[in-house]
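Reviewing the structure listed below.
The values are calculated or read from the model by the stated rules, or taken from the named source; none is laboratory data. All values reported here derive from a predicted model rather than from experimental measurement. Note: ideal-geometry Cβ built from the backbone for every residue, glycine included; neighbour counts use all protein chains shown.
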Amino acid sequence: MSNVNVFDVLKERGFLRQATHEDEIRELLGKEKVTFYIGFDPTADSLHVGHFMQIIIMMHMQQHGHKPIVLIGGGTGMVGDPSGRTDMRKLMTKEDVINNCNNFKKTFSKFLDFSDGKAITVNNAEWLMELNYINFIRDIGRHFSVNRMLTAECFKQRLETGLSFLEFNYMLMQSYDFLELYKRYGCRMQFGGDDQWSNIINGVDLIRRETGVQAFGMTFALLTTSEGKKMGKTQKGALWLDPEKTSPFEFYQYWRNVEDADVRKCLSLLTFLPMEEVNELASLKDAEINKAKEILAFEVTRLVHGDDEAAKAQEAARALFSGGGSLEDVPKTVMAASEFEGDGINVVSLMTAVKLVPSRSEGFRTIEQGGFMIEDMRISDPKLMITRGMFEDGRLLLKKGKKTFHLIELA
C-alpha cells in the first residue's frame with residue numbers, strides 16, 4: 001500500500017462530499033486494505049461519463065491497495081432508482097437488463113485490475129431475484145421507518161409528482177445489497193454520488209442492526225458545471241464511454257470545449273495529473289487556457305479510449321481549427337453522389353439528415369443566427385441547395401458554431 005492516504009488524495013482533488021464517519025474512514029483507509037463497493041444500475045447498454053467519475057475513484061482506491069467490488073445492478077435495474085428523478089424510470093425487460101450488464105462488465109475490465117482477486121464484479125441479481133418477499137419484508141423491512149424514509153431527499157422531491165411503491169422498495173434493496181456484500185466479501189464501505197446519500201446511510205444502519213458491525217459510507221461530487229448543470233450532456237444525448245455510441249473524436253471535442261471555469265474541476269476529477277500541474281494549467285488565462293483544455297481532452301480520451309484514439313482525435317481537432325492535419329476521425333456520413341445531382345439537397349434537410357441539428361426548425365434558426373458554415377463560407381440562405389459541384393475531392397465539411405463539425409463523403 002502507498003504511504004499516502006487515499007482519503008487525502010480524494011479530498012485534495014475535490015471528490016469528497018459527505019461521510020458517515022470521516023475520521024474513522026480516514027484512519028481505516030490509512031492502515032488496512034479495505035474492501036469497498038460502488039453500484040452501477042444497467043439503465044443503458046453503455047456506461048456514460050457520470051459513471052466514469054465513479055470508475056476514477058475506484059482506480060484511485062485500487063492504486064492505494066484497496067479492493068473494489070463493482071456491483072452491477074441486474075436486480076435493482078429491474079426496479080429503477082428514484083434518486084434524482086422527477087418521474088418513474090421506464091421499466092426494462094429482463095433481456096435488456098442482462099445485455100446491459102454484460103456490456104458493463106466488459107467496460108470495467110479496461111480500467112480496473114481484476115487479476116488475483118484485486119477487484120471483483122458481482123451482480124445483485126444473484127440474491128435479489130431469488131428473494132422470498134414475505135421473508136424479506138419480515139427480516140429487512142422491519143428495520144426501516146416509513147416516516148424516516150419519506151424525509152430522504154430521493155423520495156421527498158417525488159411525493160408531489162407521484163412515487164410508486166415499486167420505487168419505494170429501492171432503498172431497502174440497495175441497503176440489502178450492502179448487507180449481502182458484507183456477509184459474502186467482508187465489504188464495509190460503500191461509495192456513491194451525492195444523490196445516493198440516503199440509500200448509503202440506510203445500508204450502514206442495516207448492517208449495524210443486523211450484525212452489530214460498524215460499516216461506512218462516503219459520497220462524492222456529481223459531475224456538474226460551475227453553473228450547477230450536469231456535465232456530459234450533448235446534442236445527441238449522454239456522453240457515452242462506448243466508442244460506437246460516442247466516437248473518440250466527439251468525446252475529445254466535448255472536453256476540448258468545456259467552459260474556462262470548469263477546467264480545474266475536470267482536470268482534478270477526471271485525470272491523474274498531479275495537483276501541482278492541475279493548478280498550473282487551471283491558472284492559465286485567455287487564449288492560453290486552450291492549452292489546458294487540449295491536455296484535459298487528451299488525458300480523458302486517453303483513459304477511456306487509449307493513446308492511439310486520443311492522438312487521432314487530437315490531430316483531427318487541430319485539423320479543423322488550424323487547417324492542417326487529418327480529417328479522418330471527424331464524424332462523417334457517406335452519401336450517394338447521385339443524391340446531389342441536379343437540384344441537389346436543401347441545406348436544412350441535409351443538416352437534419354446527418355443529425356447536425358435535431359430538427360428542421362433548429363436548422364433554420366442556426367442559419368438565421370449566422371451559426372452555420374460550409375467549409376469556410378458562412379451560409380445565410382436556408383433555401384440553399386447543396387449540389388455535386390460544391391464537393392472538393394468528394395468531401396464537404398459542415399460546421400455548426402465553433403465546436404460541431406460533420407464531414408459528408410460521397411460514395
(request) Quick one: which residue in Lys245, Lys229 is closer than 23 Å to Leu47 by Cβ, without any contact (Cβ under 8 Å) to a residue 12 or more places away in the chain and out of contact with any strand residue (DSSP E or B) (no Cβ under 6 Å at 6 or more places or on another chain)? (result) Lys229
(request) Please identify the pairs in which a residue from the stretch 344-372 that is outside the structural domain of Lys402 (by TED's automatic domain parsing) and without any contact (Cβ under 8 Å) to a residue 40 or more places away in the chain has its Cβ atom under 8 Å from the Cβ atom of a residue that is part of a helix (DSSP H, G or I) and surrounded by 14 or more Cβ atoms within 10 Å (Cβ to Cβ), counting only partners at least 6 apart or on another chain. (result) none
(request) Please work out which one of (1) under 24 Å from the mean Cα position of the chain (by Cα); (2) among the small types (Gly, Ala, Ser); (3) modelled with pLDDT under 85 is the condition Ser164 fails and give its number. (result) (1)
(message) Residues to consider are Gly389, Gly363; find the one that is at pLDDT below 85 and either surrounded by 15 or more Cβ atoms within 10 Å (Cβ to Cβ) or in a helix (DSSP H, G or I) (or both).
(response) Gly389
(message) Would you confirm, using the coordinates I've provided, whether Gly39 is within 23 Å of Leu239 (Cβ to Cβ) and at pLDDT 90 or above?
(response) yes
(request) May I ask you to list pairs of residues, at least six apart or on different chains, whose Cβ atoms are under 6 Å apart, with the first in the stretch 192-209 being assigned by TED's automatic domain parsing to the domain that holds Ile140 and the second being among the hydrophobic types (A, V, I, L, M, F, W, C) and at pLDDT 90 or above? (result) Gly192/Ile200; Gly203/Phe178; Val204/Ala215; Leu206/Leu179; Ile207/Leu179; Ile207/Val213; Ile207/Ala215
(request) Select from the stretch 375-407 the residues that are among the aliphatic types (A, V, I, L, M), in contact with a strand residue (DSSP E or B) (Cβ under 6 Å, 6 or more places away or on another chain) and closer than 27 Å to Tyr252 by Cα and list them in ascending order. (result) Ile379, Leu396, Leu397, Leu398, Leu407
